[in-house]
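*Asks:* Before I ask anything, let me first share the structure, which is written out below as structure tokens.
Just so it is clear, none of the values below were taken in a lab; they were calculated from the coordinates. These figures come from a predicted structure and were not determined experimentally. Glycine also receives a Cβ, built like all others from the backbone with ideal geometry; neighbour counts cover every protein chain displayed.
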Ligand SMILES: O=C(O)CCC(=O)C(=O)O
């Protein structure tokens with residue numbers, strides 16, 4: 001097991017422009033995030049699991065196959081957990097009091113031939129399931145996902161994710177003209193394999209048709225505050241936590257006492273030391289939002 005500060009604090013800083021863009025649009029595109037080797041490993045793992053899924057479960061009505069909590073299925077997904085080109089950006093955006101809340105492999109085969117511009121692989125939504133309708137508006141930023149796209153999405157109409165830029169700051173649904181397929185201002189992300197797209201849970205997003213012959217493949221890793229319930233697992237298997245370094249173990253929800261998610265002791269949050277050393281290096285003073293409470297709940 002590696003110690004926490006073996007991780008270089010200067011790794012992949014979020015630039016002021018990236019922060020501004022994420023705050024303003026609710027998403028951020030990082031091209032060439034994955035190394036060619038990592039991309040190959042992820043594709044190999046995805047293809048293996050997809051073949052099994054096709055055999056055992058088949059595709060849904062929208063020609064999708066997905067696997068929740070994929071991190072337990074292959075080391076390639078585990079190695080995305082604190083991936084050096086992306087994870088530091090999550091820490092810079094959310095702070096150190098975070099953990100993994102979902103790992104989701106999503107494969108979208110070509111859409112049915114009659115899929116028109118209104119057809120959706122996934123309708124327009126905010127993330128967070130019921131939390132999105134339970135919370136009063138405006139919603140706070142609670143978590144974000146990194147979508148790693150593994151196949152070529154450089155052309156439109158390949159089933160890529162669509163966003164409404166700025167809808168992270170909206171109250172309610174984005175406006176949509178009558179009979180229009182998408183809300184005003186919606187954009188479809190076009191990108192090369194190996195691109196990572198960070199988006200926060202408040203940002204309205206959807207998936208349109210895949211008119212190509214290329215089966216779209218993507219892995220979605222979600223990180224949120226440690227006091228949020230994970231979306232697609234109850235507990236991560238001990239074998240993964242045992243092989244994790246301290247920061248990875250925090251991401252996997254390791255705690256040392258009953259109130260560890262709400263009132264963490266130092267040993268529950270090794271990421272704090274790394275994040276604070278990183279902030280000091282960047283010349284940023286600690287934010288009150290990340291001071292974390294030591295009192296009663
Ligand atoms: O498959 C996609 O591109 C989007 C998946 C999605 O809507 C989500 O992860 O919330």
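*Asks:* With a 10 Å cut-off between alpha carbons and a GNM built on the chain, which of 63, 168, 210 moves the most?
*Replies:* The residue with the greatest mean-square fluctuation here is 63.
*Asks:* Note the angle between two axes, namely the Cα long axis of helix 16-25 and the longest principal axis of the Cα atoms of the chain, as a number of degrees from 0 to 90, rounded to the nearest 10.
*Replies:* Helix 16-25 sits roughly 50 degrees off the main axis of the chain.
*Asks:* Compute the Cα gyration tensor for region 34-145, then decide on rounded, prolate or oblate, letting a ≥ b ≥ c be the square roots of its eigenvalues: rounded whenever a/c is under 1.5, prolate when a/b is larger than b/c in the other cases, and oblate in all that remain.
*Replies:* On the way: a/c = 2.08, a/b = 1.12, b/c = 1.85.
Since a/c reaches 1.5 but b/c is at least a/b, the shape of region 34-145 is classed as oblate.
*Asks:* For the chain, what does the equivalent ellipsoid look like in terms of its semi-axes, each the square root of 5 times an eigenvalue of the Cα gyration tensor, given largest first in whole Å? Walk me through the numbers before you get to the answer.
*Replies:* Working: eigenvalues 197, 104, 66 Å².
The equivalent ellipsoid of the chain has semi-axes of 31, 23, 18 Å.
*Asks:* Tell me, rounded to the nearest percent, the portion of alpha carbon pairs in region 141-297 spaced more than 20 Å apart. Don't jump to the answer; show the numbers that get you there.
*Replies:* Working: 7886 of 12246 pairs.
That tail contains 64 percent of the Cα-Cα pairs.
*Asks:* Turning to a different aspect of this structure: List the relative contact order of region 1-144 as a percent without decimals, with contacts defined as Cα pairs under 8 Å and 6+ residues apart. Please list the in-between numbers first.
*Replies:* On the way: 84 pairs, mean separation 41.1, N = 144.
For region 1-144, the relative contact order is 29 percent.
*Asks:* Give the order of 207, 284 when sorted by the count of other beta carbons within 10 angstrom, beginning with the fewest.
*Replies:* Numbers: 207 23, 284 11.
Fewest-to-most ranking of 207, 284: 284, 207.
*Asks:* Another one. Quote the relative contact order of the chain in percent (integer), defining contacts as alpha-carbon pairs under 8 Å separated by 6+ residues. Show your work: numbers first, answer last.
*Replies:* Details: 557 pairs, mean separation 85.0, N = 297.
Normalised by residue count, the contact order of the chain is 29 percent.
*Asks:* Could you tell me how many degrees, from 0 to 90 and to the nearest 10, lie between the Cα long axis of helix 36-56 and the main elongation axis, the longest principal axis, of the Cα atoms of the chain?
*Replies:* 60
*Asks:* Taking square-rooted eigenvalues a ≥ b ≥ c of the alpha carbon gyration tensor, is region 221-264 rounded, prolate or oblate, where a/c under 1.5 means rounded and, failing that, a/b exceeding b/c means prolate?
*Replies:* On the way: a/c = 1.57, a/b = 1.15, b/c = 1.36.
Here region 221-264 falls in the oblate category.
*Asks:* Right, here's the next one. With a ≥ b ≥ c the root eigenvalues of the C-alpha gyration tensor of region 154-214, is it rounded (a/c under 1.5), prolate (a/b larger than b/c) or oblate? Walk me through the intermediate numbers first.
*Replies:* Values: a/c = 2.97, a/b = 1.39, b/c = 2.14.
In terms of gyration-tensor shape, oblate.
*Asks:* Right, here's the next one. In whole Å and largest first, what semi-axes does the C-alpha gyration tensor of region 79-206 yield when each eigenvalue is scaled by 5 and square-rooted?
*Replies:* On the way: eigenvalues 122, 90, 30 Å².
One finds semi-axes of 25, 21, 12 Å for region 79-206.
*Asks:* Based on alpha-carbon centroids, what's the gap between region 125-182 and region 41-55 in Å, whole number please?
*Replies:* Result: 27 Å between the Cα centres.
*Asks:* How far, in degrees from 0 to 90, does helix 270-282 lean away from the longest principal axis of the Cα atoms of the chain, to the nearest 10?
*Replies:* It is inclined by approximately 90 degrees.
*Asks:* Taking the chain as a Gaussian network, where each spring joins two C-alpha atoms under 10 Å apart, which residue of 26, 159, 185 fluctuates the most?
*Replies:* Fluctuation is largest for 185.
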